[in-house]
Structures are given as C-alpha cells and as structure tokens.
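What follows is one structure encoded as structure tokens, with my remarks underneath.
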Amino acid sequence: MTTSIPVEIREADIPCDGSRILNLDRSFTSKLQYVVVWKDALPCLRIQKAPSPITKSFPIDFSDPTCDIGYVAVDHEKLCGFIAGSFQSWNRRLVVRHFYVDLPYRLQGVGKHLMARMIEVADKMNASMIWLETSNTNGPGIQAYKRLGFSICGFDLTLYESTPNEGEFGLYLARHTSSSPVKSFAGIQPSV
C-alpha cells in the first residue's frame with residue numbers, strides 16, 4: 001500500500017447507492033494466474049505467468065438475495081468502494097460475495113477500511129471466519145486478499161463450467177476472526 005486516505009465507511013443503501021456502485025471500476029488486469037498441477041495423483045496450485053494479460057470485470061446483481069450485509073466507502077461524497085455478504089449460521093462464517101475498490105482508489109487503504117468493517121461485523125456476529133471466492137485469474141485480487149490476512153483454503157475446478165468464465169476455476173480464501181477457536185491458518189501454499 002502506498003498511501004492511506006481517510007474514507008467514510010457507512011452501510012450501503014442500495015436504492016440510493018446502487019447506480020454509484022455499478023459505476024465503480026470493478027475490472028482487473030493480471031499477468032499471473034493460478035493453475036493446477038498434479039503431483040503423485042494430488043492436485044497442487046502453482047502460480048504462473050498468463051499467456052497474455054487477462055482483463056476482466058466482475059458483475060453485480062442487486063437482486064441476489066444472498067447479500068444482507070453491505071458497506072460503501074466514500075471519499076468526499078465520491079463512492080469509491082463496496083463490500084457485501086451474508087452470515088451463514090450453520091458454520092458461523094461471514095461470506096463476502098462482493099468486494100470492489102474503484103480503480104483510482106486502489107492501493108490507498110480503501111479495501112483495508114472496508115474489510116476492517118466486515119471483520120468488526122463478523123466479530124459482533126460471533127463468526128469464526130470470513131470466507132470468499134474469486135477466479136484463479138484474479139492475481140491482483142488474490143494478492144490484496146493475502147495482504148488483508150486471507151489464505152487460500154481450497155479450489156473448485158468445476159465452479160465456472162457452463163458460464164462465460166468456463167476454463168477458469170474458483171479459488172477460496174479465508175481468515176479467522178477473533179471469535180474463532182483456531183487462531184492461525186496457513187492455508188494452501190502454491191508450489192513454485
């Protein structure tokens with residue numbers, strides 16, 4: 001992170017904030033991707049250079065009923081970030097389903113402030129962990145999640161079959177909260 005700007009973090013109001021959230025630059029460009037290699041009949045992750053830079057943008061569907069917790073980051077009336085998710089009571093997990101920082105605000109602490117609010121919410125809900133999913137091609141996002149304390153905890157090679165993202169796979173990342181009985185988590189370390 002190069003600088004840290006002060007931003008206001010407040011609860012998202014989709015009827016009022018929806019169009020500004022949709023206007024966030026949710027794209028990324030990655031020169032790296034995670035791939036699966038097989039060692040002794042077991043799948044292992046490896047980071048490798050992509051054949052060409054990968055540029056993508058993540059969609060948002062406000063009709064998705066799985067998001068009941070959401071916050072926006074605001075810098076002098078400009079909406080510059082959004083995070084949303086839901087709490088799963090059966091495993092005490094707060095699932096982040098959307099997490100975006102507008103391109104001009106990246107690497108300035110906005111994502112850190114948004115995630116800190118979700119961590120506060122997770123602690124108040126007695127969640128044991130925060131969990132999320134992203135594409136194996138989202139190198140910048142995965143690095144940001146790692147800086148925020150997340151580790152890769154799994155992957156699904158079939159997650160995007162029959163979707164526009166066919167050929168990619170889902171990576172799962174997690175971090176424990178202060179409510180977790182487990183205080184450390186190494187996750188899956190990619191092979192070199």
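General observations
- Of residues in the stretch 79-93 being without any contact (Cβ under 8 Å) to a residue 24 or more places away in the chain and in a strand (DSSP E or B), the one least open to solvent (accessible area, probe 1.4 Å): S86
Condition check ((1) out of contact with any Gly (no Cβ under 7 Å at 6 or more places or on another chain); (2) among the β-branched types (V, I, T); (3) under 24 Å from I14 (Cβ atoms); (4) at pLDDT 95 or above) across all residues:
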{"position": "F62", "(1), (2), (3), (4)": "no, no, yes, no"}
{"position": "Y71", "(1), (2), (3), (4)": "yes, no, yes, yes"}
{"position": "K78", "(1), (2), (3), (4)": "yes, no, yes, yes"}
{"position": "L94", "(1), (2), (3), (4)": "no, no, yes, yes"}
{"position": "I152", "(1), (2), (3), (4)": "no, yes, no, yes"}
{"position": "L159", "(1), (2), (3), (4)": "no, no, no, yes"}
{"position": "P164", "(1), (2), (3), (4)": "yes, no, no, no"}
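- Boolean, G18 is under 20 Å from the mean Cα position of the chain (by Cα), closer than 23 Å to H98 by Cα and either loosely packed, with under 15 Cβ neighbours inside 10 Å or free of Cβ contacts under 8 Å to residues at least 40 places away in the same chain (or both): yes
- Restricting the stretch 47-61 to residues that are of a type in the set (V, I, T) and over 23 Å from R93 (Cα atoms), the residue that is surrounded by the fewest Cβ atoms within 10 Å (Cβ to Cβ): T55
- Check on L32, open to solvent by 80 Å² or more (accessible area, probe 1.4 Å), in a strand (DSSP E or B) and among the aliphatic types (A, V, I, L, M): yes
- Filter result (in contact with a Lys or Arg (Cβ under 8 Å, 6 or more places away or on another chain) and open to solvent by 10 Å² or more (accessible area, probe 1.4 Å)) within the stretch 148-164: L148, G149, S151
- Residue check for T66: among the polar types (S, T, N, Q) and closer than 27 Å to M129 by Cα: yes
- When the stretch 94-124 is limited to residues that are closer than 24 Å to D75 by Cβ and part of a strand (DSSP E or B), the one that is most open to solvent (accessible area, probe 1.4 Å) turns out to be R97.
- Of residues in the stretch 5-15 being open to solvent by 80 Å² or more (accessible area, probe 1.4 Å) and at pLDDT below 95, the one nearest to G81 (Cα to Cα): P6
- Residues considered: D68, D40, D64. Of these, the only one that is on the phi > 0 side of the Ramachandran plot, surrounded by fewer than 16 Cβ atoms within 10 Å (Cβ to Cβ) and out of contact with any Asp or Glu (no Cβ under 6 Å at 6 or more places or on another chain) is D40.
- Count - residues of the stretch 29-51 that are aromatic (F, W, Y) and more than 24 Å from L103 (Cα to Cα): 1
- Flag for V72 being in contact (Cβ under 8 Å) with a residue 60 or more places away in the chain and closer than 22 Å to C153 by Cα: no
- Yes/no for I21 being assigned to a strand (DSSP E or B) and modelled with pLDDT of 95 or more: no
- Candidates are the residues of the stretch 125-147 that are in contact with a strand residue (DSSP E or B) (Cβ under 6 Å, 6 or more places away or on another chain) and part of a helix (DSSP H, G or I); the one that is most open to solvent (accessible area, probe 1.4 Å) is P140.
The values are calculated or read from the model by the stated rules, or taken from the named source; none is laboratory data. All figures in this text were calculated on a predicted structure; none of them were measured in a lab. Positions of Cβ are generated from backbone atoms using ideal geometry, with glycine treated the same way; all protein chains shown enter the neighbour counts. Just so you know, the surface numbers come from the protein's heavy atoms only, side chains and all, with ligands and any DNA or RNA stripped out. Shrake-Rupley method; radii C 1.70, N 1.55, O 1.52, S 1.80 Å.
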